[in-house]
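The values are calculated or read from the model by the stated rules, or taken from the named source; none is laboratory data. Just so we're clear, the structure is a prediction, and the values are computed from it rather than from any experiment. Glycine gets a Cβ as well: all are built from the backbone with ideal geometry, and neighbour counts include every protein chain shown. Side chains included, ligands, DNA and RNA excluded: accessible areas come from the protein's heavy atoms. Shrake-Rupley method; radii C 1.70, N 1.55, O 1.52, S 1.80 Å.
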Amino acid sequence: MSKKKIAILGSTGSIGTQALDVISQHPDLFEARVLTAGRRADLLIDQARRFLPDAVVIADESQYQYVQEALADLPVKVYAGEEALCQVVEGEQIDIVLTALVGFAGLKPTLHAINARKAIALANKETLVVAGELVMQRALARQAPILPVDSEHSAIFQCLAGERSPIEKIILTASGGPFRLMERERLAAVTPTEALKHPNWQMGAKITIDSATMMNKGFEMIEAKWLFGVSPTDIEIVVHPESIIHSAVQFADGAVKAQLGMPDMRVPIQYALSYPQRLTLNTPKLDLFTLGHLTFEKPDMERFACLALAYEATQSGGNKPCVLNAANEVANLAFREGRLGFLQIAEVIAETMARTPFVAEPSLDTYLATDKEARAICADLIAGLS
Ligand code: NDP
Ligand code: MG
């Protein structure tokens, strides 16, 4: 395997830092050529000193000079702003773009990378929630492979290796989050601190809240629909609190293939980077005797109304999932900042979905406009509550 040259969008985040750990475990196989951050300039500077990429981007333009001066003694180009994110992924020297930034901000750079025919290691699921059809069409047209990083989708991808038969059913597992067993009355009063304590995974704040509301699983259902070309009715969500079975695929003969392992995102990150090879990885290994047993439950769409909203959005299609995502980004942040109750997250998203004009066949410009409009509507709704 020749050395793969990697651009990490969001290198300062949870996925980004774990990807750098994978890269540092295989310096003979991987090189980080581009690193980008949102606002954490000091961490980006440390990473640049350690990995010596060709270029770094700080999305927050006000920190450009600070980063530039800190790296002035190194042959590292420094850029800032959203446009720069779109340009650095197109560089000739890049083989794989790992999209590890969070939210709608991932859409444009991902489309640029696809256009430049890069392989996409896709962590940024919001891109597929918002514009799955457009992204998959462009990836097909440009022959840009999309390799899933999300643990469930990596599991499905691994189950499909070597298969030529169609999928009969996807079994998408969910941990159920920290509030899996909590009664609805109690849910109304949960705090951001409680919601940020995920039982099995250490992740960025936004996705951790999405896991607590189970919007994350709704997003993953939509992500699976686009990645694997299946209908939502052929995706069964199974709550599996141990997070050992990362997901499974059922075929026509009733055979079910599952992928198991300890919950460690470095496994799917590395698989996306090394595919079709498997490499060694310094990570805790699965011991079934210690586990003893695995459990499974049905998801509760009443307590976790965000899951039902994700089904509603994908059934409507058009720009509805884009509205779902935009409202969720606004509500998720408002909850984290103490401006919105936990159960109100689903309420304001539902209301935003009802109020934002529907567009059946959206273009990229529609998505950009819808995202703006839905954010404004949702922000107004939240302001009106307090
Ligand atoms: P984090 O919040 O930990 O990291 C996000 C990264 O994106 C940071 O580097 C951040 O920069 C950067 N960023 C944030 N906003 C912007 C912006 N507007 N423009 C440019 N860069 C930005 O998130 P995670 O690593 O947890 O998640 C990343 C993606 O991966 C998400 O889409 C998530 O759903 C998905 N994912 C994550 C998993 C996990 O285990 N963490 C599992 C499966 C999927 P900075 O911090 O410097 O501001
Ligand atoms: Mg996941």
Quiz prompt | Criterion: out of contact with any strand residue (DSSP E or B) (no Cβ under 6 Å at 6 or more places or on another chain), on the phi > 0 side of the Ramachandran plot and without any contact (Cβ under 8 Å) to a residue 60 or more places away in the chain - qualifying residue of 81, 103 | solution = 81
Quiz item: Has region 2-15 got at least one residue that is within 15 Å of ligand 1 (Cβ to nearest atom), free of Cβ contacts under 8 Å to residues at least 24 places away in the same chain and crowded, with 16+ Cβ neighbours inside 10 Å?
Solution: no
Quiz item: For region 95-105, how many residues are within 15 Å of ligand 2 (Cβ to nearest atom) and either in a helix (DSSP H, G or I) or closer than 27 Å to residue 316 by Cβ (or both)?
Solution: 2
Exercise. Please go through region 345-384 and pick out each residue that is in a helix (DSSP H, G or I), under 26 Å from residue 301 (Cβ atoms) and either of a type in the set (D, E, K, R) or open to solvent by 60 Å² or more (accessible area, probe 1.4 Å) (or both).
Key: 347, 351, 354, 355, 371, 375
Quiz item: among the polar types (S, T, N, Q) and in contact with a Cys (Cβ under 7 Å, 6 or more places away or on another chain) - does that describe any residue in region 314-331?
Solution: no
Quiz item: Mind checking which pairs have a first residue in region 337-360 that is over 16 Å from residue 310 (Cβ atoms) and in contact (Cβ under 8 Å) with a residue 40 or more places away in the chain and a second that is small (Gly, Ala, Ser) and not in a helix (DSSP H, G or I), Cβ under 7 Å, 6 or more apart or different chains?
Solution: 339/386; 341/188; 342/188; 343/188; 358/318; 359/318; 360/318
Quiz prompt | One residue from 78, 56 being crowded, with 20+ Cβ neighbours inside 10 Å and within 13 Å of ligand 1 (Cβ to nearest atom) | solution = 56
Quiz item: residue 90 versus (1) touching a His at 6+ places or on another chain (Cβ under 8 Å); (2) farther than 21 Å from residue 116 by Cα: which is the lone unmet condition?
Solution: (2)
Quiz item: So, of the residues in region 120-148 that are in a loop (DSSP other than H, G, I, E, B) and within 15 Å of residue 273 (Cβ to Cβ), which turns out to be farthest from ligand 1 (Cβ to nearest atom)?
Solution: 145
Quiz prompt | The listed residue being basic (Lys, Arg) and either within 14 Å of ligand 2 (Cβ to nearest atom) or on the phi > 0 side of the Ramachandran plot (or both), out of 118, 108, 125 | solution = 125
Self-check item: Check on residue 333, in a helix (DSSP H, G or I), open to solvent by 50 Å² or more (accessible area, probe 1.4 Å) and either touching a residue at least 12 places away in the same chain (Cβ under 8 Å) or among the aromatic types (Phe, Trp, Tyr) (or both)
Solution: yes
Practice problem: Output the qualifying pairs, or none if there are none: Cβ atoms under 9 angstrom, residues six or more apart or on different chains, first residue in region 123-141 and modelled with pLDDT of 95 or more, second residue basic (Lys, Arg). | Solution: 128/225; 132/225
Exercise. Would you check which residues across region 17-45 are open to solvent by less than 30 Å² (accessible area, probe 1.4 Å) and within 16 Å of ligand 2 (Cβ to nearest atom) and list them?
Key: 19
Practice problem: Tally the residues that are acidic (Asp, Glu) and within 16 Å of ligand 1 (Cβ to nearest atom), restricting the search to region 149-192. | Solution: 2
Quiz item: Quick one: residue 290 ticks every box in (1) open to solvent by 70 Å² or more (accessible area, probe 1.4 Å); (2) not in a helix (DSSP H, G or I) bar one, so which box is it?
Solution: (2)
Exercise. Would you mention how many residues in region 85-103 are touching a Ser or Thr at 6+ places or on another chain (Cβ under 8 Å) and within 11 Å of ligand 1 (Cβ to nearest atom)?
Key: 4
Quiz item: What number goes with the only condition from (1) within 16 Å of ligand 2 (Cβ to nearest atom); (2) small (Gly, Ala, Ser); (3) modelled with pLDDT under 95 that residue 91 does not pass?
Solution: (1)
Quiz item: Which residue pairs have Cβ atoms under 9 Å apart, sit 6 or more places apart or on different chains, and have a first residue in region 244-272 that is over 14 Å from residue 163 (Cα atoms) and modelled with pLDDT under 95 and a second that is part of a helix (DSSP H, G or I) and within 13 Å of ligand 2 (Cβ to nearest atom)?
Solution: none
Exercise. Of all residues in region 106-119, count the ones that are surrounded by fewer than 21 Cβ atoms within 10 Å (Cβ to Cβ) and in a loop (DSSP other than H, G, I, E, B).
Key: 2
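From the residues in region 240-268 that are in a strand (DSSP E or B) and closer than 26 Å to residue 26 by Cα, which one is nearest to the chain's Cα centre (by Cα)? If you could, list the steps in order and put the result at the bottom.
Taking region 240-268 as the starting set, the residues that turn out to be in a strand (DSSP E or B) are 245-250, 256-260.
Then keep just the ones that are closer than 26 Å to residue 26 by Cα; that gives 246, 259-260.
On the way: 246: 15, 259: 19, 260: 20 Å.
This residue is 246.
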